[in-house]
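Peer 1: Please find one structure pasted underneath; my questions will follow.
Each reported figure results from applying straightforward, stated rules to the coordinates on display, with no laboratory input. All values derive from a computational prediction rather than experimental measurement. Cβ coordinates were reconstructed from backbone atoms using ideal geometry, including for glycine residues, and neighbour counts include every protein chain displayed.
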Ligand SMILES: [Zn+2]
């Protein structure tokens, strides 16, 4: 145990007593870190508003058994344009919550950290409709979920593909589509571009019915994945 330096993004904070907060961070070097920031709620706090959700900070921490202690915090990026726009802040918060559920305590996940930082920078620079869904699809991919998008996920046929099924984990042809969520060709193409190395091209798309579809599917896929994971974790806990 001792002092260490790391960079992190504040995911959320909760009150602790009269003046302190527990800050949950996604860090570059240690995955999820939960740390106490003392006196953060006093008006003359030395941390001021530095430790707010979305803040990208450089930290000096003292390692504790369960909770670390923040001894210094410098702002690297504050993402003011995100904080001052309720719509962007809501969407940033959705990404922070997803990361909070996925990132493991004290396990470095540099890929996830860089992805979150990149998505916050993109959201701060311009408010593209596919930033958050693009982040969700990439997060699912990082978690090992790669949707089948080039053939039917149920029968392996070539299509045409007309639906998307969360349980099968991909697109479905007309014959297999019963009960699944309908999906347009344009939306499938956008998801292929997000996952196939053309995220920048997908982010340049203006809002359309297809981007709305991609967003709905991304959210439902992520929820499905997290729920399944939470369930398997709770089963493990009971065993
Ligand atoms: Zn099929």
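Peer 1: Ratio to report: Rg/Rh of the chain, with Cα atoms as the point set and Rh obtained by the Kirkwood method; give two decimals.
Peer 2: Reported Rg/Rh, Kirkwood definition of Rh: 1.04.
Peer 1: To continue, here is another question. Determine, for each peptide in 5-11, 152-158, the mean count of other beta carbons within 10 angstrom over its residues, then list the peptides with the highest first. Could the numbers behind the result be given before it?
Peer 2: Values: 5-11: 20.4, 152-158: 16.1.
In decreasing order of mean packing, 5-11, 152-158 become 5-11, 152-158.
Peer 1: So, in Å, what gap is there between the alpha-carbon centers of region 102-141 and region 167-199?
Peer 2: Centre-to-centre distance over Cα atoms comes out at 21 Å.
Peer 1: Moving on to the next point. May I ask you to order 180-193, 56-69 by the average number of other C-beta atoms within 10 Å around their residues, highest value first?
Peer 2: Ranking, from highest mean packing down: 180-193, 56-69.
Peer 1: Once every DSSP H run of n ≥ 4 in the chain is given -39500 (n - 2.57) and the sum is divided by its residues, what mean residue ellipticity at 222 nm do you get, rounded to the nearest 500 deg cm²/dmol?
Peer 2: It comes out at -12500 deg cm²/dmol, rounded to the nearest 500.
Peer 1: Using label points projected 7 Å from each Cα along Cα→Cβ, tell me how many nm separate residue 155 and residue 220, to one decimal.
Peer 2: So the two model labels end up 2.1 nm from each other.
Peer 1: FRET efficiency for residue 178 and residue 66, Cβ-Cβ distance as r, R0 = 41 Å, nearest 0.05?
Peer 2: My answer for the efficiency is 0.25.
Peer 1: Further, regarding this structure: Is any residue of region 185-219 close enough, with backbone N under 13 Å, to a label point placed 7 angstrom from the Cα of residue 94 along the Cα-Cβ axis, and if so, which?
Peer 2: Answer for this model: 211-219.
Peer 1: Sticking with this structure for a sec: Distance in nm between label sites at residue 58 and residue 228, each 7 Å beyond Cα in the beta-carbon direction?
Peer 2: It works out to 4.2 nm between the two label points.
Peer 1: If you don't mind, there's one more thing I want to ask. To the nearest 10 degrees, how steeply does helix 131-142 sit against the main Cα axis of the chain, on a 0 to 90 scale?
Peer 2: So the helix axis and the longest Cα principal axis differ by about 90 degrees.
Peer 1: Can I ask one more? Cut-off is 10 Å between beta-carbons; in what order do 130, 140 appear when sorted fewest neighbours first?
Peer 2: Values: 130 27, 140 22.
By the 10 Å Cβ count, ascending: 140, 130.
Peer 1: Mind giving me the nanometre distance, one decimal, between the label points for residue 76 and residue 18, set 7 Å out from Cα along Cα→Cβ?
Peer 2: The two pseudo-label positions are separated by 3.5 nm.
Peer 1: Ranked by Cβ crowding within 10 angstrom, fewest neighbours first, how are 46, 30 ordered? Don't jump to the answer; show the numbers that get you there.
Peer 2: Values: 46 14, 30 22.
Going from sparsest to densest Cβ surroundings: 46, 30.
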